[in-house]
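Asks: Following this message is one structure expressed as structure tokens.
The values are calculated or read from the model by the stated rules, or taken from the named source; none is laboratory data. Here the structure is a predicted model, which means the values were calculated and not measured. Glycine gets a Cβ as well: all are built from the backbone with ideal geometry, and neighbour counts include every protein chain shown.
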Amino acid sequence: MIDKMALSNKVSSVRKKLGEDNTSPIDIFALMYTTENVTLVKYPLGEKISGACLKNNTSAVIAVNSSMSIGRQRFSLAHELYHLYFDKDMISTICPSKIGGGNQTEKSADQFASYLLMPPAALYEKIQEIKSAENRKLTVKDVIKLEQYFGVSRKAMLFRLQEEGELSQSDAADMQKDVIISAAKLGYDTSLYKPTPENENKGTYGYYIKQAENLLQSDIISTGKYEEWLLDAFRDDIVYGDDMEGGELID
């Protein structure tokens with residue numbers, strides 16, 4: 001059985017480590033880009049894998065499936081942080097795409113991810129705000145408002161709302177239909193529900209890139225080796241320059 005109080009404490013410690021308070025929505029990718037000794041890899045991993053984590057005593061690599069929606073990628077990254085910080089006996093793990101599936105550790109990692117992105121107190125407050133003191137069920141419109149606020153996928157939000165007793169299994173099943181169009185009709189940006197664009201779905205960020213730069217600047221590796229490593233890491237943009245039309249914008 002999952003100890004939700006212990007998980008909440010773990011979430012608080014990670015949010016503090018990342019420099020965040022206990023209730024605000026977080027940009028988890030931006031935070032990971034600057035986290036010491038962690039390399040983040042975005043790569044299309046197919047339909048059955050959400051992410052992976054490999055670690056040793058000095059550094060770690062987290063991979064996120066970029067063929068999943070942006071909202072789901074955020075959840076997957078939060079899930080992998082559980083393995084990074086709290087799965088002490090793990091050296092490497094590959095995580096399935098089904099939320100709430102797998103062994104007890106995977107279930108705990110999913111619950112941790114849910115709490116990290118949607119802190120219990122913050123979620124409760126938003127639900128009460130939406131209901132306006134009315135004793136009623138949440139609607140699709142309400143669910144969309146919540147997932148947009150916290151930046152998570154429809155499945156991740158429905159998983160959590162069922163856990164909290166706010167939705168029945170049948171209600172949640174009905175809300176899994178027409179995800180993108182239902183949000184679009186309410187005026188929301190739908191990028192949360194779409195995968196990373198194909199021309200951007202492979203990339204390496206964080207520790208690996210900084211270490212390669214440090215080795216180049218220290219004359220430990222040649223420019224040729226530096227560029228080779230960057231190309232291996234899918235960072236053609238650094239080697240050849242960003243091909244964004246019009247060049248850099250300084251605004």
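Asks: Can you tell me how many residues in the stretch 132-156 are on the phi < 0 side of the Ramachandran plot and without any contact (Cβ under 8 Å) to a residue 60 or more places away in the chain?
Replies: Residues meeting the conditions: 14.
Asks: When you look at Lys155, is it at pLDDT 95 or above and of a type in the set (Lys, Arg), yes or no?
Replies: No: the conditions fail for Lys155.
Asks: Looking at the stretch 60-82, which of the residues that are hydroxyl-bearing (Ser, Thr, Tyr), buried (at least 20 other Cβ atoms within 10 Å of the Cβ) and over 8 Å from the mean Cα position of the chain (by Cα) is nearest to Ser114 (Cα to Cα)?
Replies: Tyr82
Asks: Right, here's the next one. List pairs: first residue in the stretch 217-233 and not assigned by TED's automatic domain parsing to the domain that holds Tyr43 and surrounded by 11 or more Cβ atoms within 10 Å (Cβ to Cβ), second residue in a loop (DSSP other than H, G, I, E, B) and hydrophobic (A, V, I, L, M, F, W, C) anywhere in the structure, Cβ distance under 7 angstrom, at least six positions apart or on different chains.
Replies: none
Asks: Quick one: count up the residues across the stretch 106-147 that are under 14 Å from the mean Cα position of the chain (by Cα) and not hydrophobic (A, V, I, L, M, F, W, C). Before you say what the answer is, go through the steps one by one.
Replies: So the first thing to find is which residues in the stretch 106-147 are under 14 Å from the mean Cα position of the chain (by Cα), and the list is 109-118, 147.
After this cut, where a residue has to be not hydrophobic (A, V, I, L, M, F, W, C) as well, the list is 110-111, 114-115, 147.
Here the count works out to 5.
Asks: Now, a different point. Taking the stretch 47-59, which residues are surrounded by fewer than 22 Cβ atoms within 10 Å (Cβ to Cβ) and in a strand (DSSP E or B)? Please lay out each step first, then the result.
Replies: Initial filter on the stretch 47-59 (surrounded by fewer than 22 Cβ atoms within 10 Å (Cβ to Cβ)): 47-49, 52, 54-59.
Hits for the stretch 47-59 are Ile49, Ala52, Leu54, Lys55.
Residues checked against (1) assigned by TED's automatic domain parsing to the domain that holds Lys88; (2) aliphatic (A, V, I, L, M); (3) over 28 Å from Thr190 (Cβ atoms):
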| residue | (1), (2), (3) |
| --- | --- |
| Thr23 | yes, no, no |
| Thr35 | yes, no, yes |
| Leu40 | yes, yes, no |
| Leu45 | yes, yes, no |
| Ile49 | yes, yes, no |
| Leu54 | yes, yes, yes |
| Ser59 | yes, no, yes |
| Ser67 | yes, no, no |
| Gly71 | yes, no, no |
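Asks: Residue check: is Ala173 free of Cβ contacts under 8 Å to residues at least 40 places away in the same chain and either surrounded by 14 or more Cβ atoms within 10 Å (Cβ to Cβ) or assigned to a loop (DSSP other than H, G, I, E, B) (or both)?
Replies: Details: free of Cβ contacts under 8 Å to residues at least 40 places away in the same chain: yes; either surrounded by 14 or more Cβ atoms within 10 Å (Cβ to Cβ) or assigned to a loop (DSSP other than H, G, I, E, B) (or both): no.
In short, no.
This table checks each residue for (1) over 25 Å from Ala121 (Cα atoms); (2) more than 20 Å from the chain's Cα centre (by Cα).
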residue	(1), (2)
Leu158	no, no
Gly165	no, yes
Ser170	yes, yes
Met175	no, yes
Val179	yes, no
Ser182	yes, yes
Gly187	yes, yes
Leu192	no, no
Asn201	yes, no
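Asks: Further question: Output the number of residues of the stretch 85-112 satisfying the condition of being among the aliphatic types (A, V, I, L, M), touching a residue at least 40 places away in the same chain (Cβ under 8 Å) and surrounded by 22 or more Cβ atoms within 10 Å (Cβ to Cβ).
Replies: Taking the stretch 85-112 first, the residues among the aliphatic types (A, V, I, L, M) are 90-91, 94, 99, 109.
The next check asks that each one be touching a residue at least 40 places away in the same chain (Cβ under 8 Å); those that pass are 94, 99.
With surrounded by 22 or more Cβ atoms within 10 Å (Cβ to Cβ) added as a condition, the list becomes 99.
Summing the residues that are among the aliphatic types (A, V, I, L, M), touching a residue at least 40 places away in the same chain (Cβ under 8 Å) and surrounded by 22 or more Cβ atoms within 10 Å (Cβ to Cβ) in the stretch 85-112 gives 1.
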